[in-house]
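One structure below.
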Amino acid sequence: MLQPERLDAGAAAAIAAVRPDAVCVCAFGAIIREPLLSAHPMLNVHPSLLPRWRGAAPIERAIMAGDPETGVCVMRPTAELDAGPVALERSEPIVASDTYGTLSARLAALGAKLLIQVLDADPPLREQDPARATYAEKIGPEDRWLDPALPAASLERRVRALEPHIGARVRAGDEALGVRSAQVLDDGPAVGELVADRGRLILGCAVEALELLVVHPPGGRAMDAAAYLRGRQGTRA
């Protein structure tokens, strides 16, 4: 397997030296351009149902959006990002408990099976409908914050979408508190208030409230909210 950091002449020469029957790409951050693009038969394994969620963070964006399903496409790369014709696709449900970690593992296994099928059968290609395209922008620092001006259900999905590889966070006084697990409550404190209530940590949101179940203090380890609150009380004492 080759994993070049950049697609320069040296990388192209290394690929050519192998004389591949096909070049298979998965989770590769660089756009493949000519002349390499046409030098070999190429396949890209992309974890979404294209043309929905082209781009860098399709799994995270699908969970954040509340999509009921996603999937995997095996496609031919083109000069435009994730816009090439699709050889084979399969859908995968997104269940209410899915995090990035659980969903990405299922999609990886599904993608491996689909890639083998495409290599064996060489199915016909279908063009994507560009009018239906949506883009999964790279996750940035602003995506990590839990904004209480949003509904609690949206924030709960954000927590799951960023767990365990990036992590969501909330402002707790002067602290950026990581949030590893959360659940929606019917009601709670005023919008923007983060309150301790009998060993529970609850954030008031625009719609409903968000209970922070597992948190990760800066420089510490992940723990349930009750343990975090006990530690805070001990610090103040």
Exercise for review: Need at least 3 residues that are surrounded by 12 or more Cβ atoms within 10 Å (Cβ to Cβ) and out of contact with any strand residue (DSSP E or B) (no Cβ under 9 Å at 6 or more places or on another chain) per element, so show me which helices (runs of 4 or more DSSP H) inside the stretch 3-90 make the cut, counting only ones lying wholly within it.
Suggested key: 9-18
Check your understanding: Are any of the residues in the stretch 215-233 within 25 Å of A65 (Cα to Cα), part of a strand (DSSP E or B) and under 25 Å from the mean Cα position of the chain (by Cα)?
Key -> yes
Check your understanding: Going by the conditions given, is A121 modelled with pLDDT of 95 or more, of a type in the set (A, V, I, L, M) and not assigned by TED's automatic domain parsing to the domain that holds D21?
Key -> no
Review point. Which of the residues spanning the stretch 182-211 are closer than 18 Å to A96 by Cα, surrounded by 19 or more Cβ atoms within 10 Å (Cβ to Cβ) and out of contact with any Gly (no Cβ under 9 Å at 6 or more places or on another chain)?
Key: A182
**Study point:** From V170, V159, V195, V191, residue being within 15 Å of E60 (Cα to Cα), out of contact with any helix residue (DSSP H, G or I) (no Cβ under 7 Å at 6 or more places or on another chain) and either free of Cβ contacts under 8 Å to residues at least 24 places away in the same chain or not aromatic (F, W, Y) (or both)
**Key:** V159
**Study point:** Residue pairs meeting the criteria (Cβ under 6 Å; at least 6 apart or on separate chains; first farther than 14 Å from E60 by Cα and in the same structural domain as I166 (by TED's automatic domain parsing), in the stretch 135-155; second in a helix (DSSP H, G or I) and among the aliphatic types (A, V, I, L, M))
**Key:** L146/L155
Point to revise | Single unsatisfied condition, M223 versus (1) out of contact with any Asp or Glu (no Cβ under 6 Å at 6 or more places or on another chain); (2) surrounded by 14 or more Cβ atoms within 10 Å (Cβ to Cβ); (3) touching a residue at least 12 places away in the same chain (Cβ under 8 Å); (4) not assigned by TED's automatic domain parsing to the domain that holds H46 | key: (3)
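The values are calculated or read from the model by the stated rules, or taken from the named source; none is laboratory data. What you are looking at is a predicted structure, and each value in this text was computed from that prediction instead of being measured. Positions of Cβ are generated from backbone atoms using ideal geometry, with glycine treated the same way; all protein chains shown enter the neighbour counts.
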